[in-house]
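The values are calculated or read from the model by the stated rules, or taken from the named source; none is laboratory data. Every value quoted in this text rests on a predicted model; they were computed, and no experiment measured them. No Cβ is skipped: glycine too gets one built from the backbone with ideal geometry, and neighbour counts run over all protein chains shown. For accessibility, only protein heavy atoms count, side chains too; no ligands or nucleic acids. Shrake-Rupley method; radii C 1.70, N 1.55, O 1.52, S 1.80 Å.
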Amino acid sequence: MNRRDAPDYGEGRRRFLRQTLFGTAALFVAPVLPSGFLRAQVNPEIAKKLLFFSQHEYLVLAAAAARLTGYHPGDPEPAIDAALRADRFLSTEDPEIQDQVHLLLAIFNSPITAFVFSFKFSGFLSMDPAAQDSYLEGWMTSSLGFRRTGFQALKRLSMSMHYTDERSWEEIGFHGMELPGGAG
């Protein structure tokens, strides 16, 4: 194969480096980013139950989970608290994973991040539901790998915590596991 026929890996490497640089920069500055100007309060009963999340992180994940699982303002409050279930689950995880989740939530809700990537002037919690949906879509479809990966982490955490709770099964038409041969 001559040089003209060789595949060009230059663009792939440059894209990887750009994504890595943005991701690294975001992780480096996340601890000093303001996490949002809205200081909503968590229900005191829920606050007592938190093992892993700060109250603010709980609110961020609860809001993201609500948007990702299809909750709409005006609907009755969801019976399943995906964020509280995630809190319990993550409290037993490896400290490195815990640190990554804390960083993700700080970056995701930061007004600076929202402005830089989406030209929005508030953190995720301060956005109205339509803006939250748009912001989530921006993370999902971003050309930056760290944002797509962050979206996948939020989505998978939210969905797994919601749909592994038996109370969600009816809404999707699942009636539990059946044993082979009809026994059970």
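List of remarks:
- Assuming charge only on the beta carbon of Lys and Arg (+1) and of Asp and Glu (-1), the dipole of segment 41-184 about its Cα centre is about 400 debye to the nearest 20.
- Counting heavy atoms of the protein chains alone, Lys48 has an accessible area of about 150 Å² for a 1.4 Å probe.
- Spacing of the two label points (7 Å from each Cα toward its C-beta) at Asp128 and Lys49, in nm: 3.1
- Rounded if a/c under 1.5, otherwise prolate or oblate - segment 75-169, Cα gyration tensor axes: oblate
- Segment 78-183, accessible surface, carbon-and-sulfur percent (1.4 angstrom probe): 58
- With both labels modelled 7 Å from their Cα along Cα-to-Cβ, the Arg148 to Glu170 distance reads 3.9 nm.
- Rounded, prolate or oblate (a/c below 1.5 giving rounded, otherwise prolate when a/b exceeds b/c) for segment 62-109 by Cα gyration tensor: oblate
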